[in-house]
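Colleague: Supplied in structure tokens, the structure appears directly below.
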Amino acid sequence: QRKMATASRNEKPVVTKPYVINELEAEANIPEVKNNTLSKGIIDYARYMIENYKDNYEAMARDEINYYQDTPKQIKRKIECYKSWYPAEYSALVDSMQLKMDTS
């Protein structure tokens, strides 16, 4: 490890490369971009469950597509995540289900 050069022991360290500090500060001040996304598998899983069972989480847990044997609470959490991260897609899904119900 290298130590910064100092004029004496009681003084603050002398910065020999201020551009490095400036670049790091500029990088640290950039706001973080959140990329909330779900995998294609979870999106398809949530859509399938909503299309077939609407909000019956107990029946979803017994479905054969539930490979990982998620509990009703785990399935509900995944669907809530899908609803919050893809609200437009979810509302389109619900609207299409309503159209199917109306035409039947």
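Colleague: Carbon and sulfur: what percent of the chain's accessible surface (1.4 Å probe)? Walk me through the numbers on the way to the answer.
Modeller: Numbers: 4650 of 8930 Å².
The C+S portion of the solvent-accessible surface of the chain is 52 percent.
Colleague: Another one. Using 0.36 nm per residue, how much length does the chain from Thr16 to Asn52 gain when fully extended, once their Cα-Cα distance is taken away?
Modeller: Once the chain is fully extended between Thr16 and Asn52, it gains 6.4 nm.
Colleague: Right, another one. Count the net charge of all other residues whose Cβ sits under 12 Å from the Cβ of Met97, scoring Lys and Arg as +1 and Asp and Glu as -1.
Modeller: Its environment carries a net charge of -1.
Colleague: With +1 on the Cβ of every Lys and Arg and -1 on the Cβ of every Asp and Glu, and nothing else charged, how large is the dipole of region 55-102 about its Cα centre, in debye rounded to the nearest 20?
Modeller: 200
Colleague: Give Lys40/Lys83; Lys54/Lys83; Lys78/Lys100 a once-over and call out the pairs whose C-alpha atoms are over 18 Å from each other.
Modeller: Pairs exceeding 18 Å: Lys78/Lys100.
Colleague: Could you go through region 54-69 in sequence order and give the Karplus-derived ³J(HN,Hα) for each residue, using 6.51 cos²θ - 1.76 cosθ + 1.60 with θ = phi - 60°, rounded to whole Hz, and x for Gly and Pro?
Modeller: Result, rounded to whole Hz: 6, 10, 8, 6, 5, 5, 4, 5, 8, 5, 6, 6, 6, 4, 8, 6.
Colleague: Using the heavy atoms of the protein chains and a 1.4 angstrom probe, tell me the accessible area per residue for the chain in square angstrom.
Modeller: Result: 86 Å² of accessible area for each residue.
Colleague: With a/c under 1.5 counting as rounded, go ahead and sort region 55-102 into rounded, prolate or oblate using the C-alpha gyration tensor (a ≥ b ≥ c being the square roots of the eigenvalues; past the cut-off, prolate if a/b is larger than b/c, else oblate).
Modeller: Details: a/c = 2.76, a/b = 1.51, b/c = 1.83.
Because a/c hits 1.5 or more and a/b fails to exceed b/c, region 55-102 counts as oblate.
The values are calculated or read from the model by the stated rules, or taken from the named source; none is laboratory data. Everything quoted here is computed from the prediction, not taken from an experiment. No Cβ is skipped: glycine too gets one built from the backbone with ideal geometry, and neighbour counts run over all protein chains shown. SASA here: full protein model, heavy atoms, side chains in, ligands and nucleic acids out. Shrake-Rupley method; radii C 1.70, N 1.55, O 1.52, S 1.80 Å.
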